[in-house]
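Engineer: Here it is: the structure, laid out below.
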Amino acid sequence: MTGVHDALLTRVRDRLAADAAQPTAEVIADAIRAESRGMLGDTDLLAALRFLQTELIGAGKLEHLLAEPDIADILVVGPDRVWVDRGSGLQLTDIRFDDEAAVRRLASRLALSAGKRLDDAQPWVDGQLADLGRRGHTVRLHAVIPPVATDGTCISLRVLRTATRDFDDLVGLGAIPAETVAPLRAMLRTRLAFLIVGGTGSGKTTLLGSLIGEMGATERILCVEDALELDPPHPHVVRLVARTPNVEGAGEVPVRALVRQALRMRPDRIVVGEVRGAEVIDLLTALNTGHEGCAGTLHANSTAEVPARMEALAALGGMDRSALHSQLAAAVHVVLGVARTPGGSRGLTEIGLVVRGDDGFVRIRTVWLRSVGFTDALGEFDAMLTARTMR
């Protein structure tokens, strides 16, 4: 572009990175004036501002992909490979960057938008981009640059769209099979605590949001999330969202801290958007201190994996195996499994009961499987519901 040299772009980017400022039009304009040393007139300044806004704020060649409503992931590997996931597996696009330097500039720009740095001293970044592309979605960013990434700069963007489908919507789509409607509503009515488990992109948050919408209208629901995804159709939801540290390593607000704050906000139920680490201890504490009917999601490939997965997370907070199983047995009653089918649809695939064996360790007893229907364990589930109703 006439009047704007690559060196000016580099200097402006470096200034903004050093200031850790949100790159608004005013901030960029001030940086241009400072770095051009007054050599640009009003016309050139306006042209430079427009150019640099695109370079410093937008997602460049990925913008139109972010606009597609069905894209969940955008993955860039070097200048020649851009992949997307529209719900049926990864597909290679025809998007190409000019060279490796262009991909690295985009990665640095996105890192800056997330308030992070990405350079030789800090060769990877993990952050969130609020309202990238001005479409109201949060985008989770991860990027890593050479020499750590040997195949060229890698950028991973996950579009976190708010889960707004209600319970009846999911029943109509078949994501919640009709035969499970009554047990799920009974689980909510009797305030059984539950976890939703599944792999990446399997629909955990969507199902969780729909179940929150079915909770009592007079109940106060405290939702704690790593990134804002839940937007349930419920009249009394309070949402708390974690914050990552800024470029200077300050300002972090972890999920674990927010779970503790939620305990002090007079919740009827506490919901953790995804249990990823040591906050599992605080969630179990909440479930064991009179807050019945709490819920959360957990990354696991099946309900049977839940005890082992919880053990690993609890170990991060210093809780040993025996203590974890004791807490888990007292705190969680039901585990719901979701998965993506080979055809690309997502939905409920398992319902399991949390039971404690004679050895003191927790196991998951299958109540229902999408492929076979209800099992003999349905009687135990019904007995649990009856006991809760008669209290």
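The values are calculated or read from the model by the stated rules, or taken from the named source; none is laboratory data. These figures come from a predicted structure and were not determined experimentally. Here Cβ is always computed from backbone atoms with ideal geometry, including for glycine, and neighbour counts include all displayed protein chains.
Engineer: Residue check: is Val306 closer than 28 Å to Val237 by Cα, assigned to a helix (DSSP H, G or I) and among the aliphatic types (A, V, I, L, M)?
Structural biologist: So Val306 passes the test.
Engineer: Testing Met265 on (1) in a strand (DSSP E or B); (2) over 23 Å from Val171 (Cα atoms), one condition comes back false. Which one is that?
Structural biologist: (1)
Engineer: Would it be correct to say that Thr190 is under 30 Å from Ala387 (Cβ atoms), in contact (Cβ under 8 Å) with a residue 40 or more places away in the chain and hydroxyl-bearing (Ser, Thr, Tyr)?
Structural biologist: Yes.
Engineer: Ok, one more. Among the residues of segment 108-118, is there at least one that is of a type in the set (Lys, Arg), outside any loop (DSSP other than H, G, I, E, B) and modelled with pLDDT of 80 or more?
Structural biologist: Taking every residue of segment 108-118 in turn, at least one turns out to be of a type in the set (Lys, Arg), outside any loop (DSSP other than H, G, I, E, B) and modelled with pLDDT of 80 or more.
Engineer: Go through segment 103-128 and count every residue that is loosely packed, with under 15 Cβ neighbours inside 10 Å and under 16 Å from Thr10 (Cβ atoms).
Structural biologist: Residues in segment 103-128 being loosely packed, with under 15 Cβ neighbours inside 10 Å and under 16 Å from Thr10 (Cβ atoms): 2 in total.
Engineer: Count, please, the residues in segment 264-286 that happen to be within 22 Å of Ala217 (Cα to Cα) and under 22 Å from the mean Cα position of the chain (by Cα).
Structural biologist: Counting residues in segment 264-286 that are within 22 Å of Ala217 (Cα to Cα) and under 22 Å from the mean Cα position of the chain (by Cα) gives 6.
Engineer: Using the structure shown, decide if Ile212 is under 22 Å from Val272 (Cβ atoms) and out of contact with any Gly (no Cβ under 8 Å at 6 or more places or on another chain).
Structural biologist: Answer is yes for this residue.
Engineer: State which residue is surrounded by the most Cβ atoms within 10 Å (Cβ to Cβ) when the search covers only segment 169-214 and only residues that are assigned to a loop (DSSP other than H, G, I, E, B) and touching a helix residue (DSSP H, G or I) at 6+ places or on another chain (Cβ under 6 Å).
Structural biologist: Here the residue is Ala193.
Engineer: Taking the residues in segment 301-326 that are exposed (fewer than 14 other Cβ atoms within 10 Å of the Cβ) and closer than 18 Å to Asp358 by Cα as candidates, determine which candidate is nearest to the chain's Cα centre (by Cα).
Structural biologist: Ala308
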